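Structure first, commentary second.
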Amino acid sequence: MARQARALATRQAVLLAAAEVFDERGYAAATMSEILDRAGVTKGALYFHFRSKEELALAVIEGQGAWIASWEPSSDSPVQTLIDLGYAFARALQEDPLVRGSIRLTIEHGSFTQPQIAAYQGWMDLVRALLERAREAGDLHPGVDLVAASGVITGAVTGIQLSSQVLADRRDLIQRLADLWTLILPGLVQPHALARLSVAERG
């Protein structure tokens, strides 16, 4: 058990170091030697867990799924859950290097042997599932195209976080999300449901 715990700790140290380096330098400019130095582990330990830079990068990207799985909604409203999820992920982008590294790599998906679309598709599927629940609850305007809506929301949040990173090092990301929800929710959600929603960050 002690050996297993050490192996897990080593893997996490490598993932964190890799995420930091990928976030700072991008996939192409990052080197395994730089990640190795940042992690403070032996070369053998690094390559025991990850055989290549691409394999390591893909593991960092997969951290998005782990983050989503660990997040717990605090509302029964699917639309409020969607809003809250966006703010929680924005905070993670500001504070969690693993999430930041995964997002930079996701944006640079063309750098890999095979384009990485799973992260984008996973977010769109999650948004669509929440919107489906909202439609079943009678919260959405009739005729809303859920595929189109999930694509627009995911794309808008992706663009907003990227703009915020470039222009303000993500310091204004929360306000930019508030602006997004203020603008798009009236066209998506019926008035009776809109009145119950908070477009501001909660808790």
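The values are calculated or read from the model by the stated rules, or taken from the named source; none is laboratory data. As the structure is a prediction and not an experimental result, all values here were calculated from the model. Positions of Cβ are backbone-derived with ideal geometry, glycine not excepted, and every protein chain shown enters the neighbour counts. Ligands, DNA and RNA are excluded from the accessible area calculation, which covers all protein heavy atoms including side chains. Shrake-Rupley method; radii C 1.70, N 1.55, O 1.52, S 1.80 Å.
Of all residues in region 76-110, those satisfying the criterion of being in contact (Cβ under 8 Å) with a residue 60 or more places away in the chain and outside any helix (DSSP H, G or I) are Ser77, Glu108.
Inside region 1-32, can you point out the residues that are β-branched (Val, Ile, Thr) and over 20 Å from the mean Cα position of the chain (by Cα)?
Of region 1-32, the ones β-branched (Val, Ile, Thr) are 10, 14, 21, 31.
Passing the criteria: Thr10, Thr31.
I need the helices (runs of 4 or more DSSP H) fully contained in region 111-203, keeping only those with at least 2 residues that are in contact with a strand residue (DSSP E or B) (Cβ under 8 Å, 6 or more places away or on another chain) and surrounded by 15 or more Cβ atoms within 10 Å (Cβ to Cβ). Explain how you work it out, then say what you get.
Details: elements: 118-136, 146-168, 173-188, 191-194.
The qualifying helices (runs of 4 or more DSSP H) are 118-136.
Quickly run through region 30-62 and pick out the residues that are part of a helix (DSSP H, G or I), open to solvent by 30 Å² or more (accessible area, probe 1.4 Å) and under 27 Å from Gln121 (Cβ atoms). Within region 30-62, His49, Lys53, Glu54, Glu55, Leu58, Glu62 meet the criteria.
Residues that are within 19 Å of Ala7 (Cα to Cα) and in contact with a Gly (Cβ under 8 Å, 6 or more places away or on another chain) do not occur anywhere in region 41-58.
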